[in-house]
Amino acid sequence: MSIKINKITQAETDAWDTYVNTHPKATLYHLSFWKNIIEKTYSHKTYYLMAVNSNSPNATDNKQQTTHTAYRTVGILPLIHLKHFIFGNSLISVPFFDMGGILADDKETEKALLSEAVKLGKKQKAETIELRHPQPLTWLANNSQLTAKISKKESGIDFEPSAMSDQLPSISCATRSHKVRMLLILPENSEALMKSFKSKLRSQVKKPIKEGLRSKVGGLELLDDFYKVFSINMRDLGSPLHSKKLIKHVLEGFSQKARIVLVYKGSEPLACSIIVGFNDTLENPWASALRQYSRFSPNMLLYWTMLEYACNNGYKYFDFGRSTPGEGTYKFKKQWGAKPEPLHWHFISLNGQPITEDTSEKSKFDKAIQYWQKLPVPVTKFFGPMIRKHIGL
């Protein structure tokens, strides 16, 4: 088999998404529309690599078609170039979210895509390539590990970087599995889900309703209320927030599958989230709640509303998103019945420097968190997106 790697154009996105929609290991973040979303929001350069089998033309092949479109897609790799003098120079698949990485028919195609990514990275003088996978590239992960074992105490990190496989001997890599995605298998309807909860959890869900809180599911008409809660919560966490345009572009791009969920007390929004459906899974990339109203437990109603929506719209899984085992958000998600599944983030060095435990971008701005928390929200809303666009987490 002869594999050719192409950078896709807008005309080739249909072929890309057809491959994603039929691949059993595909995720929401493999879809081509993220290319447009990230380019429009943050102006990052994107390189969406598509592997085609040049020995197996499609049945639709004819003399009038171009050479590329006549061949069968066998793999993809979305890459976003994040370059900043403070936060580094990396190709990431996919920044800002938990998953992405290589999607391919076989190991040889995986290696061909990675080899092309390495060439591209060196051409762009990138320091690292970062691939985010729900399942590891075994031939890569077996050669280098930076993992967190979920022990009885659900903590602890093993770190042992080493040389990459013999297919790409000139670079080194490490695999981090210190984070998990929390995935809940859903029953056929929300009534069955509620009955599956322990009595304590059912009482916690009913509490905000008794306090007069109500939930609402909608679209762009709820964006201002979403961003109001989101911006305050991100400031309180000490984290620069994403641009409002990013949320808007997600809602527009996935208009049939993306929704805003809000919890109100009267007309005041107290908690918010974004949900996006892909195949049989409903993803929750962002959620926030205002700390000053925690006595009303708006978070409980927020998450119940998302789960109810997932069940009633035929989804089989709800993805609570990324957590660190043992921390508060992990325990919160676990109480709903969600099970941890390790994420596998492969870090590949292109500049000769070994991959260390400090590869995570978060370590580069942890010291600024306490100062950011003291800033007025309008200031963080203005400056936050300028910083956040360069942070791949």
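The values are calculated or read from the model by the stated rules, or taken from the named source; none is laboratory data. Everything numeric in this text was worked out from a predicted model, so none of it was measured. All Cβ positions, even for glycine, are placed from backbone atoms using ideal geometry, and neighbour counts span all protein chains on display.
Residues that are in contact (Cβ under 8 Å) with a residue 40 or more places away in the chain, in contact with a Pro (Cβ under 7 Å, 6 or more places away or on another chain) and under 18 Å from ASP225 (Cβ atoms): list the strands (runs of 3 or more DSSP E) wholly contained in the range 260-342 that include at least 2 such residues. Counting at least 2 such residues, we get 268-278.
Restricting attention to the range 111-127, the residues being buried (at least 23 other Cβ atoms within 10 Å of the Cβ) and either under 23 Å from the mean Cα position of the chain (by Cα) or outside the structural domain of ASN36 (by TED's automatic domain parsing) (or both) number 5. In the range 216-272, what residues are charged (D, E, K, R), surrounded by fewer than 20 Cβ atoms within 10 Å (Cβ to Cβ) and within 21 Å of the chain's Cα centre (by Cα)? Scanning the range 216-272 gives LYS244, LYS245, LYS248, GLU252, LYS257.
The requirement of being modelled with pLDDT of 95 or more, surrounded by fewer than 20 Cβ atoms within 10 Å (Cβ to Cβ) and either under 30 Å from GLY352 (Cβ atoms) or in contact with a strand residue (DSSP E or B) (Cβ under 9 Å, 6 or more places away or on another chain) (or both) is fulfilled nowhere in the range 187-204; no residue meets it.
Taken residue by residue, the range 85-97 has no member that is more than 14 Å from TRP345 (Cα to Cα), in a helix (DSSP H, G or I), out of contact with any Pro (no Cβ under 8 Å at 6 or more places or on another chain) and free of Cβ contacts under 8 Å to residues at least 12 places away in the same chain. Look at the range 194-223: where a residue is within 15 Å of SER267 (Cα to Cα) and a partner is at pLDDT 95 or above and loosely packed, with under 13 Cβ neighbours inside 10 Å, sitting 6+ places away or on another chain with Cβ atoms under 8 Å, you get GLY212/GLY266.
Against the conditions (1) within 30 Å of THR18 (Cα to Cα); (2) small (Gly, Ala, Ser); (3) in contact with a strand residue (DSSP E or B) (Cβ under 7 Å, 6 or more places away or on another chain); (4) modelled with pLDDT of 95 or more, GLY392 satisfies every one except (4). Checked against (1) crowded, with 19+ Cβ neighbours inside 10 Å; (2) of a type outside the set (A, V, I, L, M, F, W, C); (3) more than 19 Å from the chain's Cα centre (by Cα); (4) modelled with pLDDT of 95 or more, SER349 meets all criteria but (4).
Quick grid of which residues meet (1) outside any strand (DSSP E or B); (2) modelled with pLDDT of 95 or more:
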site	(1), (2)
ASN21	yes, yes
SER56	no, no
ARG72	no, no
GLU110	yes, no
SER115	yes, no
